[in-house]
1. Any lysines with Cα under 22 Å of the K26 Cα? List them, leaving off those in the same chain fewer than 8 positions away.
2. For K143, give me every one of the lysines with a C-alpha distance below 17 angstrom, ignoring sequence neighbours fewer than eight places off in its own chain.
3. Keeping all protein chains in place, calculate the accessible area per residue for region 7-72 (probe 1.4 angstrom), answer in Å².
4. How far apart, in nanometres, would the label points at A25 and T147 be if each is projected 7 angstrom from Cα along the Cα-to-Cβ direction?
5. For V76 and L201, calculate 0.36 nm times their separation in residues minus their Cα-Cα distance, and state this gained length in nm to one decimal.
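The values are calculated or read from the model by the stated rules, or taken from the named source; none is laboratory data. Small disclaimer: the values here were computed from a predicted structure and weren't measured. Quick reminder, even Gly has a Cβ in these numbers, built from the backbone with ideal geometry, and neighbours come from all protein chains shown. Keep in mind that these areas ignore ligands, DNA and RNA; they rest on the heavy atoms of the full protein, side chains included. Shrake-Rupley method; radii C 1.70, N 1.55, O 1.52, S 1.80 Å.
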Amino acid sequence: QFHSLQAGIDLWRWHLKEWILSSGAKQAGVLTALLIGENDYISPDDWLLMQRTGTSHLVAVSGLHVGFLALVGFFVGGVLGRLIQVVAPIRWRTFMSGSLKSAAVFSLLFAAIHSALAGFNIPTLRTFIMNALFNLTIIFSLKVRLTYIYGAALVCTLIIDPLAGYDIGFWLSFGAVALLILYFSGRRLPFSDFNSLRWLLRQLIQFLQSQWLMMFGLFIPLVIILFSISLISPL
């Protein structure tokens, strides 16, 4: 059954690739990379431009894209969960226990679909596993430390794909997440600050801090491994 499912996903991806390439779109190679994770159709000139501007990671389907779709699913699921609680019977409302669980379900679903589109390559696989573990703790109302989820995702990725440890992106990805956890751990906001302009401003500042953290935290590894780095990548 697993092999038939994998064959079905591969056939689905092949049809999408042929549809994009036959459309005659000017950036068909970039669209193919964004949709199904196939980077072979991007021209060398486009690759060089993206490397110089520090935007190559935006095209190669990775955790960034899976995480973005997971956020979209979380928002959609949250809205639907609120609507369900208004019109649904008591039993269904109790089962969902608010919109948070429905948001987690849709986040997991969106991440799974996009990861399948990308062929469950190593970057999408590890992000999907981490997203799945995080959302499952919400669905089943489990209280688990974020570091445990991080460690479990690392172990599960290596169990599913033992050769992932030989991939540079494996160490860069988990290293980047480790930096974010280390830097932002232990920060809690007073309850009175939520839903306020001060809270939104703090979120914006932390987002900017995360970009500079990735820049300086991964500077030396990128220089050693890739022999180049784009200084305008944070922008």
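1. K17
2. K101
3. With the other protein chains kept in place, region 7-72 gives 61 Å² per residue.
4. 4.4
5. This chain segment gains 42.6 nm when fully extended.
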